[in-house]
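Chemist: After the structure tokens below, expect a handful of questions from me.
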């Protein structure tokens, strides 16, 4: 299965002290090797906030999805992709439209499986419900 990775850090300090881009990339690569997936690349957005989806690396990921080049997106942690429930919902709907799965290593979320898709849908329902409170 062809997959693409995505890594992001919001500040230079986080890049040095948190989970750096290199650390995220290394973990994504190792995860894909363990799953016997063909990792076609890892896009990154260094020093960028997750406040919206207008980030060059994320846009490259979405273009790979749009063009049918990948079957899944792998992130180290879901908040590397987005911190917005609304944006997550939009991204997941876009991925579903293109039959592409989302995989988040830290949350053990693997939407390449039926159980993973159920977990992701449940997460979105709960998140959307709490966002309306």
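Chemist: Once label points are set 7 Å from the Cα along Cα→Cβ at both residue 99 and residue 29, what is their separation, rounded to one decimal in nm?
Modeler: My value for the distance between the label points is 3.1 nm.
Chemist: Tell me, in nm to one decimal, what length is gained between residue 83 and residue 113 on full extension, where the rule is 0.36 nm per residue of separation less the Cα-Cα distance?
Modeler: Full extension of this stretch gives 8.4 nm more.
Chemist: Given 0.36 nm per residue, what is the gain on full extension from residue 40 to residue 59 after removing their alpha carbon distance, in nm?
Modeler: 5.3 nm
Chemist: What is segment 59-128 by shape, rounded, prolate or oblate, if you read a ≥ b ≥ c off the alpha carbon gyration tensor as root eigenvalues and call it rounded for a/c under 1.5, prolate for a/b larger than b/c, and oblate otherwise?
Modeler: Rounded, because the longest to shortest axis ratio a/c is under 1.5.
Chemist: Now a separate question. Okay, helix-only estimate at 222 nm for the chain: each DSSP H run of n ≥ 4 adds -39500 (n - 2.57), divide by all residues, round to 500 deg cm²/dmol; what do you get?
Modeler: Theoretical 222 nm ellipticity from helices: -15500 deg cm²/dmol.
Chemist: Can you tell me the alpha carbon radius of gyration of segment 2-131 divided by the globular rule-of-thumb value 2.2 N^0.38 Å?
Modeler: Segment 2-131 yields a ratio of 0.98.
Each value in this text was obtained by applying a stated rule to the coordinates, not by laboratory testing. Computed from a prediction, not measured in an experiment: that's the story for all the values here. In this analysis, Cβ positions are derived from the backbone assuming ideal geometry, glycine residues included, and neighbour counts consider all displayed protein chains.
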